[in-house]
1. Within straight cross-link reach of LYS7, meaning Cα distance under 18 Å, which aspartates and glutamates are found once same-chain residues fewer than 8 apart are removed?
2. Tell me the net charge near GLU29. Cut-off is 10 Å between Cβ atoms, GLU29 excluded, with +1 for each Lys or Arg and -1 for each Asp or Glu.
3. Report which label in (1) 162; (2) 92; (3) 71 holds the value of volume of the Cα convex hull per residue in Å³ derived from the coordinates of this structure.
4. Can you pull the accessible area of CYS82 for me, 1.4 Å probe, Å² to the nearest 10?
5. What does the charge count near PHE11 come to, summing +1 for each Lys or Arg and -1 for each Asp or Glu among other residues with Cβ under 15 Å from its Cβ?
6. For a Förster distance of 25 Å, can you work out the FRET efficiency between the beta-carbons of LYS4 and ARG72, rounded to the nearest 0.05?
7. Relative to the first principal axis of the alpha-carbon coordinates of the chain, what is the inclination of helix 22-40, with its axis defined by its Cα atoms, in degrees from 0 to 90 and to the nearest 10?
8. May I ask you to give the percent of accessible area on the chain that is carbon plus sulfur, with a probe radius of 1.4 Å?
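The values are calculated or read from the model by the stated rules, or taken from the named source; none is laboratory data. All of these numbers come straight from a predicted model, not from anything done at the bench. Neighbour counts are summed over all protein chains in view; Cβ atoms, including those assigned to glycine, are modelled from backbone coordinates with ideal geometry. All accessible areas refer to the heavy atoms of the entire protein, side chains included, with ligands and DNA or RNA removed. Shrake-Rupley method; radii C 1.70, N 1.55, O 1.52, S 1.80 Å.
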Amino acid sequence: MQRKDFKSRLFNKNIKSDNLDYWFYLYAESLYRLKLNTELNCSCSECWVEKTKLNHLLDQIEEEGHVPPIRRKNKITGKGDCGRRLGPVA
């Protein structure tokens, strides 16, 4: 994935592609726009396409290792592990 300059709605400034925290800004901006789209709950095709693109972009950023991966829940039990537990679960 290539870097491109973009105008951030969340931070209200232009984010340059040479910024050291570019991927974190892009990730935060994508989450913000996805949240706006979800709250709006519009059923038009443009909003649906934007939501799909944002979800794909977030997955791509994680897969390429630009941000730390999110812990996923166990496929068998359906429960996650936040890592804060001190001892084993009974």
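1. Output for LYS7: ASP18, ASP21, GLU29, GLU50.
2. Working: positive: LYS7, ARG9, ARG33; negative: none.
Neighbour charge sum, excluding GLU29 itself: +3.
3. It is the one labelled (1).
4. Its heavy atoms expose roughly 80 Å² to the probe.
5. Working: positive: LYS7, ARG9, LYS13, LYS16, ARG33, LYS35; negative: ASP5, ASP21, GLU29.
For residues surrounding PHE11, the net value is +3.
6. Numbers: r = 29 Å, r/R0 = 1.15.
With R0 = 25 Å, the Cβ-Cβ based efficiency is 0.30.
7. Taking the Cα atoms of the chain, the angle to 22-40 is about 90 degrees.
8. Details: 3980 of 7460 Å².
Taking all protein chains in place, the chain shows 53 percent carbon and sulfur surface.
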